[in-house]
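The values are calculated or read from the model by the stated rules, or taken from the named source; none is laboratory data. Note that this is a predicted model, so its numbers are computed, not measured. A quick note on method: Cβ atoms are made from the backbone with ideal geometry, for glycine too, and the neighbour counts reach across all protein chains shown. The protein model used for the area step is the full one, side chains on, heavy atoms only, and it has no ligands, DNA or RNA in it. Shrake-Rupley method; radii C 1.70, N 1.55, O 1.52, S 1.80 Å.
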Amino acid sequence: MSLRKRDGSAPIMSLLGVLLFRQTVPVGASCHCSLTPPPSVFERTAIDPMGILRFILALSVVVGHADHSSGLPGLDTTLAVRSFYMISGFYMALVLSSKYKTKPYYVFICSRYMRLFPAYLAVLVLTVVYGFVTWAVVGSVQWPLAGWVHTVTGLSDSAIVGYALSNVFLFGQDILSFFNVAPDGRLVLDYLARYTDGPFGGYMLVPQAWTLGLELSFYLVAPFFIARSSLVIASVVAGSCLLRFAVFPWCGIEAERLGYRFFLFEIIFFCFGGLAYKLYAWERFRSLGGRVHGAVVLALAVPFLSFAWDVPEAARYAALALCIPSLFLLTRDSRLDRLVGELSYPIYISHILVLYALTQYTKMGDELPGVALTLVLSVLLYVFVERQAEERRKRIVDGPPRRWPTFTGAVTGASFVLAVVVLPFVGKAVFEREHLSRAAAFAAYDFLADAPDRIVLVGFDAPERNGANTWRWGLGSKSEMLFSLPKAANCTLTFQFFSLLQGQVVSIYCNGQLLEKVAMQKDEIVFRQYRLPLQKTNNVIRFMYDDWNGKDNAAPRVAPSDERPLAVCFNALTMAF
């Protein structure tokens, strides 16, 4: 993605200046004493750090996903997301070296999961409720439920289980972004996006949450390396680079097609944050003094936060990595920084719902209203969800050092998982019953003699007869046959038609695929027979006409007394399975 050219960094720089230099030491105290932390400093970091920076990054993602109708400045969304990874790497190295140093692995994972899951679950519920309300108001299924409702009956069991569990529990959303659903409903690895334009898709209800799946992947492995020596962290960086630039190309895998959603590539940004922690942990660095650290932050914030300059991304990441230790030292005790930072995660996890709602229900641009409404929703999520969940998380961390869940917790969790798995299959059964009630039977159809059952004909006139001869006119710009089937199957489509218009061109399509374009002379008879693969739902066989009687309000050319938009005359039209 390209960076924005609008320079909106000056107000942010001023805000940082006020925040940073109001943290300097009081009169009469030495700078050395103010920033040299006592041994307990590592135990005082229960709140996620660098709040204003995280707030700026979250708003940049909102602006990047909006329609840019208000001209708001913002960082590139990829830069913003990777910057979150670096901050996370720094913070995990910090807490794993202190608060969680003696805690079991299970306590650490539960704590970090509880930091993400409650707000995500609240947004997921709001998104599903929004989908059903929109369905009732509009009268047709829309985002976010359209993918599930339209195609769940065609999904394989493994696809349903995978998407359902990942949607609710977050784990694996980054991995599922490299999978797609094949035409037969199976979940298949598709990092080359071969099935992107297929009938299946749209199953992730909170689409931006793939970054949380990647974050959780980092949490699972962080205790094993991020708090260890710089050499270990650098080895992980080297391994990631080796995988990307040597191993994958040697194996014939197009690494660039994996984008920035592949954890084994993105882990280097977490590692840069971990290395930034090593600088912070160096006592001589911490003792430099408040004004020195403030100057470092302001100097490095210029290349990182400037929206107008074409600063190379590598330089921005380097500036952030060097800035994080000083920024943390200066803001760790700031109530303002802490309060603002608490909104960054709710902003990120809720903004897509807000932007979609504005797009679906208003005509206004969604950028400035989207930012404003996202902020309102984020405050509500923080007050009613995040603060309550934080109390529960503290009890986990401060409670007995468990290595495994309790029996009651395990049973409750297993029951929840079972309910999440069962619910979409119940929905599938309901929609399958509804589908079968509307599906066309596997039979032979003669559309000149029969009134087709459960097959909708659009752009066809009623059959006409003259003795033993029967025909049906195709009308206007197109004629269509719309139907679903009990399951995917092949059919034989046979037709014969002629046109009374000189130079008529007929294009024949099946489910969006062009079968043939036929150029015709007047009274020329065209006969065709196709063997067509049909899908389970939403089949469309279409005949497109370049010309018809009375086109563009011209005088009738087929018959002066007939004003119908006659295009071609079918004297044979059958479909057999």
- Counting only residues in the stretch 188-203 that are over 22 Å from S484 (Cβ atoms) and over 14 Å from the mean Cα position of the chain (by Cα), the one most open to solvent (accessible area, probe 1.4 Å) is identified as R194
- Item | Complete set of residues in the stretch 135-160 that are open to solvent by 10 Å² or more (accessible area, probe 1.4 Å) and touching a strand residue (DSSP E or B) at 6+ places or on another chain (Cβ under 9 Å) | T151, G154, S156, S158
- Query: Would you say A519 is in contact with a strand residue (DSSP E or B) (Cβ under 6 Å, 6 or more places away or on another chain) and open to solvent by less than 50 Å² (accessible area, probe 1.4 Å)?
  - Reply: no
- Of the listed residues (W309, W282), the one being open to solvent by 20 Å² or more (accessible area, probe 1.4 Å), more than 30 Å from the chain's Cα centre (by Cα) and of a type outside the set (D, E, K, R) is W282
- Counted residues in the stretch 445-477 being open to solvent by 30 Å² or more (accessible area, probe 1.4 Å), touching a Ser or Thr at 6+ places or on another chain (Cβ under 7 Å) and more than 26 Å from V505 (Cβ to Cβ) come to 2
- Task: Return the pairs, sorted by first residue and then second, in which the second residue is part of a loop (DSSP other than H, G, I, E, B) and open to solvent by 20 Å² or more (accessible area, probe 1.4 Å), the first residue lies in the stretch 160-183 and is hydroxyl-bearing (S, T, Y), the beta carbons are less than 6 Å apart, and the residues are 6+ apart or on different chains.
- Result: S166/G172; S177/R261
- Would you pick out the residues in the stretch 474-526 that are among the aliphatic types (A, V, I, L, M) and either touching a residue at least 60 places away in the same chain (Cβ under 8 Å) or not in a strand (DSSP E or B) (or both)? L475, M481, L485, A488, A489, L493, L500, L501, V506, M520
- Confirm whether Y345 is touching an Asp or Glu at 6+ places or on another chain (Cβ under 6 Å) and at pLDDT 95 or above. no
- Task: Show the residue pairs that are 6+ apart or on different chains and have beta-carbon atoms under 6 Å apart, the first residue being within the stretch 221-245 and under 17 Å from G259 (Cα atoms) and assigned by the TED database to the domain that holds G259, the second being modelled with pLDDT under 95 and surrounded by 12 or more Cβ atoms within 10 Å (Cβ to Cβ).
- Result: R244/A255
- Which residues, counting only those in the stretch 455-468, are in contact with a strand residue (DSSP E or B) (Cβ under 7 Å, 6 or more places away or on another chain) and assigned to a strand (DSSP E or B)? V456, L457, V458, F460, E464
- Say we look at the stretch 264-279 and pick out the residues that are open to solvent by 30 Å² or more (accessible area, probe 1.4 Å) and touching a residue at least 40 places away in the same chain (Cβ under 8 Å); which of these is nearest to R54 (Cα to Cα)? F272
- Message: Conditions first: (1) over 20 Å from A572 (Cβ atoms); (2) modelled with pLDDT of 90 or more. P463 passes all but one, so which condition is the exception?
- Response: (1)
- Can you name the number of the only condition in (1) under 43 Å from the mean Cα position of the chain (by Cα); (2) buried (at least 18 other Cβ atoms within 10 Å of the Cβ) that P486 fails? (2)
- Please note which helices (runs of 4 or more DSSP H) are completely contained in the stretch 316-394 and include at least 2 residues that are of a type in the set (D, E, K, R). 335-341
- Query: In this structure, does I233 turn out to be buried (at least 21 other Cβ atoms within 10 Å of the Cβ) and assigned to a helix (DSSP H, G or I)?
  - Reply: yes
- Message: Looking at S350, S378 in this structure, which one is free of Cβ contacts under 8 Å to residues at least 60 places away in the same chain, open to solvent by less than 50 Å² (accessible area, probe 1.4 Å) and within 21 Å of the chain's Cα centre (by Cα)?
- Response: S378
- Task: Name the one entry in F218, F245 that is surrounded by 18 or more Cβ atoms within 10 Å (Cβ to Cβ), of a type in the set (F, W, Y), in a helix (DSSP H, G or I) and under 28 Å from the mean Cα position of the chain (by Cα).
- Result: F218
- Task: Examine the stretch 104-126 for a residue that is open to solvent by 30 Å² or more (accessible area, probe 1.4 Å) and not in a helix (DSSP H, G or I), and state whether such a residue exists.
- Result: no
- Note on the structure: Over the stretch 385-415, the set of residues among the aromatic types (F, W, Y) and in contact (Cβ under 8 Å) with a residue 12 or more places away in the chain is W404
- Item | Subset of the stretch 97-137 (residues that are free of Cβ contacts under 8 Å to residues at least 40 places away in the same chain and more than 22 Å from the chain's Cα centre (by Cα)) | A136, V137
- Mind checking which pairs have a first residue in the stretch 75-92 that is in the same structural domain as F270 (by the TED database) and small (G, A, S) and a second that is surrounded by 22 or more Cβ atoms within 10 Å (Cβ to Cβ) and not in a loop (DSSP other than H, G, I, E, B), Cβ under 6 Å, 6 or more apart or different chains? A80/L57; A80/S60; A80/V61; S83/L57; S83/L320; G89/F270; G89/G273; G89/G274
- Item | Pair list, Cβ under 6 Å, 6 or more apart: the stretch 285-302 residue in the same structural domain as R332 (by the TED database), other residue among the small types (G, A, S) | G290/S34; H293/S326; V296/S326; V297/S326; L300/A319
- Item | One residue from F495, F527, F543 being farther than 30 Å from L155 by Cα, at pLDDT 95 or above and crowded, with 20+ Cβ neighbours inside 10 Å | F495
- Query: So F132 fits all but one of (1) surrounded by fewer than 16 Cβ atoms within 10 Å (Cβ to Cβ); (2) aromatic (F, W, Y); (3) touching a helix residue (DSSP H, G or I) at 6+ places or on another chain (Cβ under 6 Å); what number is the exception?
  - Reply: (3)
